[in-house]
Amino acid sequence: MANLKVLFIGGSGVISSACSRLAVDSGIELSVLNRGRSTVRPLPPGVNRLRADIREPASVRDEIRDRDFDAVVDWVAFTPEHVRTDIELFRGRTGQYVFISSASAYQTPPARMPVTESTPLRNPYWQYSRDKIACEDALVAAYRAEGFPATIVRPSHTYDMTLVPFDGGWTVLGRMLAGKPVIVHGDGTSLWTLTHHDDFARAFVPLLGHPRTRGEAIHITSDDVLTWNQIAETLAAVLGVTARLVHVPSDAIAAADPEWGAGLLGDKAHSMVFDNAKLRGIVPGWRAVIPFEQGARQIAEWYLAEPARQVTDQALDAVMDKLATAWTV
């Protein structure tokens with residue numbers, strides 16, 4: 001992949017940070033355009049840093065000047081307006097434009113599993129997902145009308161050491177350590193797929209500049225499927241405690257905290273298992289190799305290493321207390 005010129009818009013997020021590291025290690029000439037504010041996941045040495053705000057297209061034009069790219073990846077496009085801006089900025093200046101969508105765009109709940117790239121896109125519960133679907137629609141239209149070289153990538157739940165799978169982050173780990181009950185939606189037996197960001201990167205980077213990806217949608221997920229009970233119990237085990245689980249219907253959680261509930265009803269409340277055959281056809285031999293037991297240890301070690309990271313969301317903690325009291329049998 002040496003001499004491939006790639007631009008990342010963003011590049012220091014949960015998923016993109018691992019892709020930035022691997023892209024550089026693979027010999028890609030990587031430029032990263034962002035506002036330069038992230039300190040949690042610093043960019044790797046060797047990156048060409050471009051400072052501009054993608055929400056201000058004029059600043060982007062001034063920064064990239066006459067550069068062309070083999071691939072442009074926008075990690076921070078969330079609305080059709082963001083995508084349409086990118087089309088105007090990079091039309092004729094890139095051989096591939098990669099949009100990071102979301103597996104939550106798939107039919108929710110899914111009528112059949114495993115989910116494939118041909119599963120319909122429909123999520124009536126979560127605006128975030130509907131916006132991602134609208135972004136995809138805009139790119140498909142541009143590809144059909146003018147051959148705009150769009151590739152759509154749909155991550156599922158992808159995490160690094162900073163990202164606890166449960167809403168509230170450290171709040172849930174702190175409750176476990178304090179012996180307080182932890183809220184698990186439903187009966188805790190729905191199936192969920194977790195993907196470590198390093199595994200994601202090993203699948204994603206080979207897609208850059210790949211001619212078979214233009215006009216295609218591809219999801220990248222692991223085959224590490226656990227129940228939510230297992231996820232909670234795994235986190236508790238690496239903390240050296242036993243989880244006190246309280247099961248609460250997702251509707252009841254949504255009534256108590258609409259923001260928390262939107263992510264459940266629009267995503268996490270439903271079993272999601274994926275077929276990665278399409279990805280493996282393009283990246284032969286790829287498979288995810290990091291189980292959540294390993295990832296959970298990384299999460300625990302990262303939070304426990306620095307007390308400043310151990311921030312409890314007091315409002316959410318109070319909601320969890322009320323739900324635990326109401327639903328404890």
Hits in the stretch 277-304 - residues which are more than 19 Å from the chain's Cα centre (by Cα) and of a type in the set (A, V, I, L, M): A277, I282, V283, A300, L304
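Here is a yes/no grid of residues against (1) farther than 30 Å from V329 by Cα; (2) modelled with pLDDT of 95 or more; (3) not polar (S, T, N, Q):
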{"position": "D131", "(1), (2), (3)": "yes, yes, yes"}
{"position": "V140", "(1), (2), (3)": "yes, yes, yes"}
{"position": "F148", "(1), (2), (3)": "yes, yes, yes"}
{"position": "R175", "(1), (2), (3)": "no, yes, yes"}
{"position": "H185", "(1), (2), (3)": "no, yes, yes"}
{"position": "T189", "(1), (2), (3)": "no, yes, no"}
A243 being farther than 24 Å from D199 by Cα, touching a Gly at 6+ places or on another chain (Cβ under 8 Å) and not in a strand (DSSP E or B): no
Qualifying residues in the stretch 208-229 (those that are touching a residue at least 24 places away in the same chain (Cβ under 8 Å) and assigned to a helix (DSSP H, G or I)) - the one farthest from A277 (Cα to Cα): N229
Which numbered condition N34 misses (of (1) in contact with a strand residue (DSSP E or B) (Cβ under 9 Å, 6 or more places away or on another chain); (2) of a type outside the set (A, V, I, L, M, F, W, C); (3) surrounded by 17 or more Cβ atoms within 10 Å (Cβ to Cβ); (4) at pLDDT 95 or above): (4)
Options E301, E306: the member that is open to solvent by 50 Å² or more (accessible area, probe 1.4 Å) and in contact (Cβ under 8 Å) with a residue 12 or more places away in the chain: E301
Pairs where the first residue, in the stretch 1-29, is at pLDDT 95 or above and surrounded by fewer than 24 Cβ atoms within 10 Å (Cβ to Cβ) and the second is assigned to a helix (DSSP H, G or I) and among the acidic types (D, E), C-beta under 9 Å, 6+ apart: A18/D198; A18/D199; R21/D198; L22/D198
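The values are calculated or read from the model by the stated rules, or taken from the named source; none is laboratory data. This is a predicted model, so every value here is computed, not measured. Positions of Cβ are backbone-derived with ideal geometry, glycine not excepted, and every protein chain shown enters the neighbour counts. We work out accessible area using only protein heavy atoms, side chains counted, and drop any ligands, DNA or RNA first. Shrake-Rupley method; radii C 1.70, N 1.55, O 1.52, S 1.80 Å.
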